[in-house]
Structures are given as C-alpha cells and as structure tokens.
Amino acid sequence: MSYPTKSDKELIHAVSSLSGESEVTGFLRDLLTAAEIEEFSRRFQIAKLLWTTKLSYLAIAEKVGTSTTTVTRVAQWLYREKWRGYRAVLQRLHGDSKR
C-alpha cells in the first residue's frame, strides 16, 4: 500500500482545513483516543528533544518515559529526507537543529 492513499489524503485535507489550536484540539480529541493522543504527544516530545538538545537516546527515553527503540524510530523519521514532517514543524517552532 502506498502512502498517501485516497483516505489518507482526505484526512490530510481535513487537518489542513482547521483553523487555530481550539479546532485542532477538538478534532484530535474526536478522532483519537486519549491513549493515542498521549502516544503522539510522546513522539513529538522525543522529536523536539532530538532537535533542540544533545541528549543521548537513553536520556531522552528516560525523560519521556519510553524505550530507546521508540526514540530511534522517531529519529529515523526526523532525519529522513523524503517526508520531513517533523523537521518542518520543529524548524518553525524552534529554528535550526542543535544536533
């Protein structure tokens, strides 16, 4: 299966139509379970720490409360050339990488 599928594109279009934090908050809460939101938040915190600090993967895993495998997976997506989703957001919020 290739990404993005037609359904993926509809979701992407729906997210891009949202305006402001309040609408995004409501949409995420309607779409995802509390556990899914927590997991996505954890992944974003990992990406932010990878981007803004020079902490080791182990230190990040301990700080966020996850495994080094999860940190490694997030790092692979963060530094991947193809999609750059994490990087786009982190550059807007925090500027250039500290690593």
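The values are calculated or read from the model by the stated rules, or taken from the named source; none is laboratory data. The shown structure was predicted, so the numbers you read here are calculated from the model rather than taken from an experiment. Glycine also receives a Cβ, built like all others from the backbone with ideal geometry; neighbour counts cover every protein chain displayed. For accessibility, only protein heavy atoms count, side chains too; no ligands or nucleic acids. Shrake-Rupley method; radii C 1.70, N 1.55, O 1.52, S 1.80 Å.
Summary table below
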| quantity | calculated |
| --- | --- |
| Accessible area expressed per residue, segment 10-99, with surrounding protein chains retained (probe 1.4 Å, Å²) | 70 Å² |
| Highest-first arrangement of 44-55, 63-74, 79-90, where packing means the average Cβ count within 10 Å | 44-55, 63-74, 79-90 |
| Solvent-accessible area, 1.4 Å probe, carbon plus sulfur percent, for the chain | 54 percent |
| Tensor-based shape of segment 1-51 (alpha-carbon gyration tensor, a/c under 1.5 rounded, otherwise prolate or oblate) | oblate |
